[in-house]
Amino acid sequence: MSSSEIGRPALGRPGPGEDGRKAILDAAARAFARKGYFATSIDAIADELGATKGRVYHYYRGKAEIFLDVVVTGIRDLIAAVEPISARTGAGPAERMYEMAHLHASMMMLRNHAQRVSVQAIEMRSVAEIAIHADVLADVLALRRRYEQIFIDVVEEGVRLGDFAATDSGLVVKSALGALNWIPIWYAPDRGSLDVEKVADTFARFIVNGLKGS
């Protein structure tokens, strides 16, 4: 998948500009995160956007498309942010892993609503109006595997170089990402929650120290 593919819309009709689509996705993420999928209507998304539902329908045919585009866009944003760190030369695996985990944790908090929706998506795959978009669900799974592989490659490099203890790289990455992906569920940005930097640093250090066996 090319970098241009990372940024393209997963669903929806062409609109007058990417900013318009992004505004709808941001509004939808807030609505879905607050109310859940079933209680969120196109009207609710339009209200969150401060526009008519006709503007929403200009880009999307229905709620399921918007929901899945929030999910796909969130994963692509993570890949676009983390992949350059993983490939950077001049930094060892431990340093890169710290930065990757720190950035992931930060995005879970700074883009809290969209990432909460991504967590919801795991439970929504069997819902009929979501399931009919089998091609997009396949893309979601492929993107998740790609994202996991970015972390696996750095772990395996660290093991080869002796920076990390020998381990099942796939299993430890699933464990690490599972912990990171749960942050938007308990982190409450609107209720004076913990400092973003402190949380990100704590999680990143915990993951790197675990890989070192310390």
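The values are calculated or read from the model by the stated rules, or taken from the named source; none is laboratory data. The shown structure was predicted, so the numbers you read here are calculated from the model rather than taken from an experiment. Cβ atoms come from the backbone with ideal geometry, glycine included; neighbour counts cover every protein chain shown. Note: areas computed on protein heavy atoms with side chains; ligands, DNA, RNA excluded. Shrake-Rupley method; radii C 1.70, N 1.55, O 1.52, S 1.80 Å.
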- Task: Answer with yes or no whether Ser118 is among the small types (Gly, Ala, Ser), out of contact with any Gly (no Cβ under 6 Å at 6 or more places or on another chain) and buried (at least 17 other Cβ atoms within 10 Å of the Cβ).
- Result: no
- Go through the stretch 134-154 and give me each residue that's open to solvent by 30 Å² or more (accessible area, probe 1.4 Å) and within 11 Å of Leu177 (Cβ to Cβ). Arg144, Glu148
- Exactly one condition in (1) within 30 Å of Ala166 (Cα to Cα); (2) out of contact with any Gly (no Cβ under 6 Å at 6 or more places or on another chain) is not met by Leu68; state its number. (1)
- If you check Asp153 against the conditions, is it among the charged types (D, E, K, R), closer than 18 Å to Ile207 by Cβ, at pLDDT 95 or above and not in a helix (DSSP H, G or I)? no
- Message: Would you confirm whether or not the stretch 156-166 contains a residue that is out of contact with any Phe, Trp or Tyr (no Cβ under 7 Å at 6 or more places or on another chain), part of a loop (DSSP other than H, G, I, E, B), free of Cβ contacts under 8 Å to residues at least 24 places away in the same chain and on the phi > 0 side of the Ramachandran plot?
- Response: yes
- Query: Is it the case that the stretch 182-203 has a residue that's surrounded by 20 or more Cβ atoms within 10 Å (Cβ to Cβ) and of a type in the set (Phe, Trp, Tyr)?
  - Reply: yes
- Task: Filter the stretch 83-100 down to residues that are open to solvent by less than 60 Å² (accessible area, probe 1.4 Å) and free of Cβ contacts under 8 Å to residues at least 40 places away in the same chain and give me whichever is farthest from Arg111 (Cα to Cα).
- Result: Ala91
- Within the stretch 20-59, of all residues that are part of a loop (DSSP other than H, G, I, E, B) and more than 23 Å from the chain's Cα centre (by Cα), the one surrounded by the most Cβ atoms within 10 Å (Cβ to Cβ) is Ala51
- Determine whether Ala80 is aliphatic (A, V, I, L, M), modelled with pLDDT of 95 or more and open to solvent by 50 Å² or more (accessible area, probe 1.4 Å). yes
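This table checks each residue for (1) assigned to a helix (DSSP H, G or I); (2) touching a residue at least 60 places away in the same chain (Cβ under 8 Å); (3) touching an Asp or Glu at 6+ places or on another chain (Cβ under 8 Å).
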residue: Val173; (1), (2), (3): yes, no, yes
residue: Ala176; (1), (2), (3): yes, yes, no
residue: Ala179; (1), (2), (3): yes, no, no
residue: Pro184; (1), (2), (3): yes, yes, no
residue: Gly210; (1), (2), (3): yes, no, no
- Note on the structure: Per the filter on the stretch 144-188, residues over 24 Å from Val117 (Cα atoms) and of a type in the set (D, E, K, R) are Asp153, Glu156, Glu157, Arg160, Asp163, Asp168
